[in-house]
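The values are calculated or read from the model by the stated rules, or taken from the named source; none is laboratory data. These figures come from a predicted structure and were not determined experimentally. Positions of Cβ are backbone-derived with ideal geometry, glycine not excepted, and every protein chain shown enters the neighbour counts.
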Ligand SMILES: NC(=O)c1ccc[n+]([C@@H]2O[C@H](COP(=O)([O-])OP(=O)(O)OC[C@H]3O[C@@H](n4cnc5c(N)ncnc54)[C@H](O)[C@@H]3O)[C@@H](O)[C@H]2O)c1
């Protein structure tokens with residue numbers, strides 16, 4: 001039985017705890033939130049947890065085997081350093097951290113970490129991504145030519161004062177929502193060479209917070225990727241990623257699943273086999289957050305590598321910070 005401590009008892013802390021409760025192999029045993037009311041509410045839901053008063057106290061507690069960091073992005077460094085000091089397995093929500101300074105400090109630490117360091121790129125635990133990876137590896141679309149990512153969210157409800165709406169704390173859509181697709185673009189296209197981005201960066205003069213980025217990246221081999229992401233109010237919402245190859249294209253959409261388009265444009269739905277991610281536990285298939293947590297627990301117990309670890313955290317962060325630097329300076333950033 002793996003005993004799990006959670007830093008940050010907000011939306012993701014609760015989501016991970018709910019999914020841990022579905023597993024036979026793990027139990028949540030401790031929580032730390034800077035807001036005592038959040039820790040109390042968490043304990044009301046999970047009565048067996050002990051409440052800790054700092055990230056360090058939680059990480060070093062004897063009843064904690066795995067540390068989950070689900071605090072806001074600008075606080076990840078505090079949680080990571082506390083957990084690293086104990087040598088225990090770590091699962092940190094994405095992105096790795098907020099600033100270039102924190103990244104410079106953390107990148108060598110997490111890449112040299114000898115125990116599990118997993119990052120929350122939950123889309124890697126979806127059957128659609130696993131099938132897309134398999135089809136690309138099997139040559140279904142041939143050599144990749146270009147790619148486009150669209151993460152348009154028109155239902156953003158957060159208000160000023162929430163840390164998500166503070167660009168200095170969250171990094172806005174560039175570091176937050178788009179992080180998953182930066183990771184997937186790196187996975188499918190390889191190493192980015194350059195990026196140019198234009199972004200709103202949560203301008204404070206707007207009555208309600210909104211954010212938007214449009215970026216173009218070039219990958220090794222000349223593959224061009226276009227990325228668009230938003231937190232907007234009142235418009236449509238959809239998330240998809242299309243990878244175009246010499247022999248066809250694959251589009252993975254949250255609303256429509258995975259579709260293959262042949263050279264003539266004919267579309268064929270591609271259904272992922274139930275077992276493509278491996279059956280860790282029968283009742284959790286179809287829920288990528290539950291799959292993610294089940295896999296991390298398995299990795300912590302067995303020493304297997306996660307689907308997204310320090311390397312993926314660092315590469316996506318490099319890309320995200322590159323976008324941010326380009327949006328802030330107006331320059332093309334070369335990696
Ligand atoms: N993987 C995903 O799909 C996904 C989705 C949403 C958020 N996230 C990431 O998860 C993290 C948390 O996001 P959230 O939506 O749960 O935020 P949230 O605001 O709902 O929860 C954050 C919690 O952390 C607490 N907190 C603040 N500072 C702290 C500190 N220094 N130490 C401990 N606790 C602290 C807050 O009181 C709050 O309860 C962020 O990094 C975010 O980018 C990932």
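Of the listed requirements (1) within 10 Å of the ligand (Cβ to nearest atom); (2) crowded, with 21+ Cβ neighbours inside 10 Å, residue 83 misses just one: (1).
Scanning segment 247-262 for residues that are at pLDDT 95 or above and surrounded by fewer than 16 Cβ atoms within 10 Å (Cβ to Cβ) returns 247, 253, 262. Would you please list the contacts, defined by Cβ atoms under 6 Å and residues six or more apart or on different chains, that run from a residue in segment 92-115 that is at negative phi to a residue that is within 16 Å of the ligand (Cβ to nearest atom) and in a loop (DSSP other than H, G, I, E, B)? Filtered contacts from segment 92-115: 93/70; 93/120; 94/120; 94/121; 98/171; 103/97; 106/97.
Could you tell me which residue of segment 61-79 is nearest to residue 162 (Cα to Cα), considering only residues that are surrounded by fewer than 24 Cβ atoms within 10 Å (Cβ to Cβ) and more than 7 Å from the ligand (Cβ to nearest atom)? By that ranking, first place goes to 74. If the condition is being more than 8 Å from the ligand (Cβ to nearest atom) and in contact (Cβ under 8 Å) with a residue 60 or more places away in the chain, then segment 13-41 contributes 16, 19, 20, 22, 23, 24, 25, 26. Within the set 111, 126, the sole residue that is at pLDDT below 95 and more than 9 Å from the ligand (Cβ to nearest atom) turns out to be 126.
The rows are residues; the columns are (1) at pLDDT 95 or above; (2) loosely packed, with under 14 Cβ neighbours inside 10 Å; (3) not in a helix (DSSP H, G or I).
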| residue | (1), (2), (3) |
| --- | --- |
| 268 | yes, yes, yes |
| 272 | no, no, yes |
| 275 | no, yes, no |
| 283 | no, yes, no |
| 286 | no, yes, yes |
| 290 | no, no, no |
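Within segment 1-12, the only residue that satisfies the criterion of being touching a residue at least 60 places away in the same chain (Cβ under 8 Å) and in a helix (DSSP H, G or I) is 12. Here residue 57 meets the list (1) in a helix (DSSP H, G or I); (2) over 22 Å from the mean Cα position of the chain (by Cα); (3) touching a residue at least 24 places away in the same chain (Cβ under 8 Å); (4) within 11 Å of the ligand (Cβ to nearest atom) almost entirely, failing just condition (4).
Among the residues of segment 42-54, those that are outside any helix (DSSP H, G or I) and crowded, with 18+ Cβ neighbours inside 10 Å comprise 46, 49, 52. Counting only residues that are in contact with a strand residue (DSSP E or B) (Cβ under 6 Å, 6 or more places away or on another chain) and surrounded by fewer than 23 Cβ atoms within 10 Å (Cβ to Cβ), which one in segment 313-332 is farthest from residue 67 (Cα to Cα)? So, considering only residues that are in contact with a strand residue (DSSP E or B) (Cβ under 6 Å, 6 or more places away or on another chain) and surrounded by fewer than 23 Cβ atoms within 10 Å (Cβ to Cβ), the one farthest from residue 67 (Cα to Cα) is 332.
Screening 258, 202 for residues that are in contact with a helix residue (DSSP H, G or I) (Cβ under 6 Å, 6 or more places away or on another chain) and farther than 30 Å from residue 161 by Cβ leaves exactly one candidate, 258. Any chance segment 26-41 includes a residue that's modelled with pLDDT of 95 or more, within 30 Å of residue 316 (Cα to Cα), assigned to a helix (DSSP H, G or I) and in contact with a helix residue (DSSP H, G or I) (Cβ under 6 Å, 6 or more places away or on another chain)? No, that holds for no residue.
Figure legend. Inter-residue proximity from segment 154-171: first residues closer than 9 Å to residue 231 by Cα and assigned by TED's automatic domain parsing to the domain that holds residue 213, second residues in a strand (DSSP E or B) and within 13 Å of the ligand (Cβ to nearest atom), beta-carbon distance below 7 Å, spacing 6+ or different chains. Indicated pairs: 156/231. All of (1) within 16 Å of residue 291 (Cβ to Cβ); (2) in contact with a strand residue (DSSP E or B) (Cβ under 8 Å, 6 or more places away or on another chain); (3) surrounded by fewer than 16 Cβ atoms within 10 Å (Cβ to Cβ) hold for residue 20 with one exception: (3). The numbered conditions (1) within 30 Å of residue 301 (Cβ to Cβ); (2) in contact (Cβ under 8 Å) with a residue 40 or more places away in the chain are all true for residue 84 except (2). In this structure, residue 35 does not qualify as touching a strand residue (DSSP E or B) at 6+ places or on another chain (Cβ under 8 Å) and farther than 25 Å from residue 295 by Cβ.
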